[in-house]
Amino acid sequence: MSELAAVDRRIIASMQGDFPLCERPYAEVAERLGMSEEDLLQRLERLLADKVLTRFGPMFQVERMGGAFVLAALAVPEERYEEVCGLVNALPQVAHNYRREHVLNMWFVLATETQAGIAEAIERLERDTGLPVYAFPKEREFFVEMKLEARP
């Protein structure tokens, strides 16, 4: 990947927090940056296509909209890891999945439109994999604002 242009670093910095909630938020951000809305959108698309950014969008509290999510884990025998990984990742309710060096070696997040959807997804995974799913529901939530600086 080539070095980020100064304008791209400014875009990344300006898009982390205080994003305007208005009819044309990109136009407002572009104006603050001294560029056209079209140029801003093209640069964002390129940053996403080049994987400099992996995602750009809002973070919602799904529970406030009636949905649910839970951190879950499996203890997967090593010889079945790839098979089980495929079964887990095939479920549309799985937001992301990652490996750990622990007896519970596969961790993933289930996100569903309803609270009942969590139980349904867990039941399906247990049926498909033959393994117990350990769910770790959120007990308390903390907000940690993290802003990253894009350096040359």
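Going by what's in this entry, would ILE118 be described as in a helix (DSSP H, G or I), within 24 Å of VAL144 (Cα to Cα) and hydrophobic (A, V, I, L, M, F, W, C)? Outline the logic, then answer.
Details: in a helix (DSSP H, G or I): yes; within 24 Å of VAL144 (Cα to Cα): no; hydrophobic (A, V, I, L, M, F, W, C): yes.
So ILE118 does not fit the description; no.
State which residue pairs qualify: first residue in the same structural domain as PRO132 (by TED's automatic domain parsing) and at pLDDT 95 or above and inside segment 73-84, second residue of a type in the set (Val, Ile, Thr) and not in a helix (DSSP H, G or I) in any location, beta carbons under 9 Å apart, and separation of 6 or more residues or different chains.
ALA73/VAL133; LEU74/VAL133; ALA75/VAL103; GLU83/VAL76; VAL84/VAL76
Is it the case that segment 107-116 has a residue that's within 17 Å of the chain's Cα centre (by Cα), over 20 Å from GLN61 (Cα atoms) and surrounded by 10 or more Cβ atoms within 10 Å (Cβ to Cβ)?
First, pick out the residues of segment 107-116 that are within 17 Å of the chain's Cα centre (by Cα): 107-113.
The next check asks that each one be over 20 Å from GLN61 (Cα atoms); those that pass are 107.
With the extra rule that they be surrounded by 10 or more Cβ atoms within 10 Å (Cβ to Cβ), the set shrinks to 107.
Yes, there is a match, as at least one residue in segment 107-116 is within 17 Å of the chain's Cα centre (by Cα), over 20 Å from GLN61 (Cα atoms) and surrounded by 10 or more Cβ atoms within 10 Å (Cβ to Cβ).
Is there any pair linking a residue in segment 36-54 that is on the phi > 0 side of the Ramachandran plot to one that is of a type in the set (Phe, Trp, Tyr), with Cβ under 7 Å and at least six apart or on different chains, and which?
none
If you scan segment 72-82, which residues turn out to be surrounded by 12 or more Cβ atoms within 10 Å (Cβ to Cβ) and more than 23 Å from GLU139 (Cα to Cα)?
Keep residues of segment 72-82 that are surrounded by 12 or more Cβ atoms within 10 Å (Cβ to Cβ), which gives 72-76, 80-81.
Within segment 72-82, VAL76, ARG80, TYR81 meet the criteria.
Taking the condition of a type in the set (Phe, Trp, Tyr), closer than 30 Å to LEU125 by Cβ and surrounded by 13 or more Cβ atoms within 10 Å (Cβ to Cβ), does PHE69 pass?
Working: of a type in the set (Phe, Trp, Tyr): yes; closer than 30 Å to LEU125 by Cβ: yes; surrounded by 13 or more Cβ atoms within 10 Å (Cβ to Cβ): yes.
Considered against the rule, which asks whether it is of a type in the set (Phe, Trp, Tyr), closer than 30 Å to LEU125 by Cβ and surrounded by 13 or more Cβ atoms within 10 Å (Cβ to Cβ), PHE69 comes out as yes.
If I ask for residues that are within 13 Å of ASP8 (Cα to Cα) and in a loop (DSSP other than H, G, I, E, B), which ones from segment 20-50 would you list?
Result: GLY34, MET35, ASP50.
Mind listing whichever residues of segment 7-19 are in a loop (DSSP other than H, G, I, E, B) and not hydrophobic (A, V, I, L, M, F, W, C)?
Hits for segment 7-19 are GLN16, GLY17, ASP18.
Output the number of the condition that MET59 fails; it satisfies all remaining conditions of (1) surrounded by 10 or more Cβ atoms within 10 Å (Cβ to Cβ); (2) under 30 Å from LEU4 (Cα atoms); (3) free of Cβ contacts under 8 Å to residues at least 40 places away in the same chain.
MET59 satisfies all of (1) surrounded by 10 or more Cβ atoms within 10 Å (Cβ to Cβ); (2) under 30 Å from LEU4 (Cα atoms); (3) free of Cβ contacts under 8 Å to residues at least 40 places away in the same chain except (1).
The values are calculated or read from the model by the stated rules, or taken from the named source; none is laboratory data. Since the model is a prediction, treat every value here as computed from it, not as a measurement. Heads up, the Cβs are rebuilt from the backbone with ideal geometry, glycines too, and the neighbour counts pull from every protein chain shown.
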